[in-house]
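Working notes, structure below.
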Amino acid sequence: MTSKQSCHCPIALVVASTFVLGPTFGESASSSTATPAELGRIPWVRNLPQALVESKESGKPVMLLFDEVPGCGTCKQFGAGPLSHPIVVDAAALFETAVVYNNVPGDEETILKKYKEPTWNNPVVRFVDGTGKDLIPRHADDYSTDGLLRAMVAALRASNQSVPKYLELVESECNPKQKETATFAMHCYWEGEQKLGKLDGVVATRIGMLDKLEVVEVDFDSSVLEYKTLVEQAKKQDCAHRVFARTDEQISIARKIVGDEVTRSDTSVDTSTQQQYHLSKRPEYHYLPLTQLQATRVNAAIADGQTPEAYLSPNQIALSKRIAAIQLKNPESLKTLKPTRNAEALPTYARELEATLNEGRV
């Protein structure tokens, strides 16, 4: 720790200005300083006054982590999970990022007292402006990726910062206000996932078989896309040869649109077939660490002959170019990878992809 110095920041001290860097996905971990497991893959600085000064200069809010390092199992799980999630790591670039250790003596104790944060505590994330004032309530006792992403988006909006398209998309996936599920049978489920997957309000699609019919199961936010509108769109796009309704209300609504082609069913769809077919044919995007909704939208864009980059973060776009380059050198090099869209498993998959790319030295 350095000694206390005069400072025009609200906290008149300077914590040791040691940058704790985590590599960008696809870069070698050896190219940067080792990061404690508790801090994940986000580049933090242990110097809050510096982060506040930079916040005033850049206009970015500060993402401030209070964490126990070395820490308990919860701290390490938070680091390995949410703080290593590809979208969280990318979105962190929209903030000045600072960390305060809550289990070391010295200057950092002063910061803890100022913010009334306990010592030896589980992770807490606060979002503050350049004066150190909270933008939103402190984010505590929620160690989920969804919860952290919601807080990050709320902080950006509270500081009048724009929210990138990719982050808006993932937020809608993480935070549907009224999530429902609908199932439609059609002549080709790959065509159905393309057409239904691009509708605003749809947060996920799954294709498979049900009663020997090709179907698309759709998760949607009914506060954005009403069930009636979804059925109408499915019929309009020839994706409602039969509707499998999950509730009496869905039966009533669907019959007014498709007549007798409605069946009451709670049977699970067999989803063992290839999901996001069009995406699977484009390895530079297929192997990206995408969320489920990102994969759904990217699949639809590719099928429509459009660029999917509007749905990707800057790091994902750069990573897609690296994947394309390695595919040119060795088309078989990534075949052992099995992309996952599950939020909990995505950090692990991203590390597997990184290791494979580094083996290819691209």
Relative contact order in percent for region 253-316 (Cα pairs under 8 Å, 6+ apart) equals 24 percent
Backbone HN-Hα couplings from phi across region 197-211 [Karplus 6.51/-1.76/1.60, Hz, Gly and Pro as x]: x, 9, 6, 4, x, 6, 10, 6, 10, 9, 9, x, 10, 8, 6
If you take the beta carbon distance between residue 256 and residue 336 as r and set R0 to 56 Å, what does 1/(1 + (r/R0)^6) give as a FRET efficiency, to the nearest 0.05? 0.70
Output wanted: per-residue J couplings in Hz (rounded whole) for region 323-334, from phi through Karplus 6.51 cos²θ - 1.76 cosθ + 1.60, θ = phi - 60°, x for Gly and Pro. 5, 4, 5, 6, 5, 5, 6, 8, x, 8, 5, 10
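Checking the a/c ratio against 1.5 first, then a/b against b/c, what shape does the Cα gyration tensor give for region 70-158?
Taking the square roots of the gyration eigenvalues as a ≥ b ≥ c, region 70-158 is oblate.
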Nearest 10, in degrees from 0 to 90: the angle of helix 346-359 to the longest Cα principal axis of the chain is 80 degrees
For residue 245, which sequence-distant residues (separation of 5 or more, or a different chain) have an amide H within less than 5 Å of its own amide H, given hydrogens modelled in the peptide plane? 263, 264, 265
Aspartates and glutamates near residue 321 by alpha-carbon distance under 18 Å, same-chain residues fewer than 8 away left out - which ones? 27, 90, 284, 309, 332, 352, 354, 359
Out of residues 5 or more away from residue 100 or on other chains, whose amide H comes under 5 Å of its own, with H placed 1.01 Å from N in the peptide plane? 65, 66, 67
Tell me what the chain gives for mean residue ellipticity at 222 nm when only DSSP H runs of n ≥ 4 count, each as -39,500 (n - 2.57), the sum divided by the residue total, rounded to 500 deg cm²/dmol. -11000 deg cm²/dmol
The helix 292-303 Cα axis meets the longest alpha-carbon principal axis of the chain at an angle in degrees, between 0 and 90 and rounded to 10, of 60 degrees
A student applying the Cα gyration tensor rule (rounded when a/c is under 1.5; otherwise prolate if a/b is larger than b/c, oblate if not) would label region 284-359 oblate
3J(HN,Hα) from dihedral phi, region 101-109, Karplus parametrisation 6.51/-1.76/1.60, rounded to Hz, x for glycine, proline: 6, 9, 10, 10, x, x, 4, 5, 4
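A short reminder: the numbers here are calculations on the coordinates, not readings from a lab. For clarity, every value in this text was computed on a predicted model and none was experimentally measured. A quick note on method: Cβ atoms are made from the backbone with ideal geometry, for glycine too, and the neighbour counts reach across all protein chains shown.
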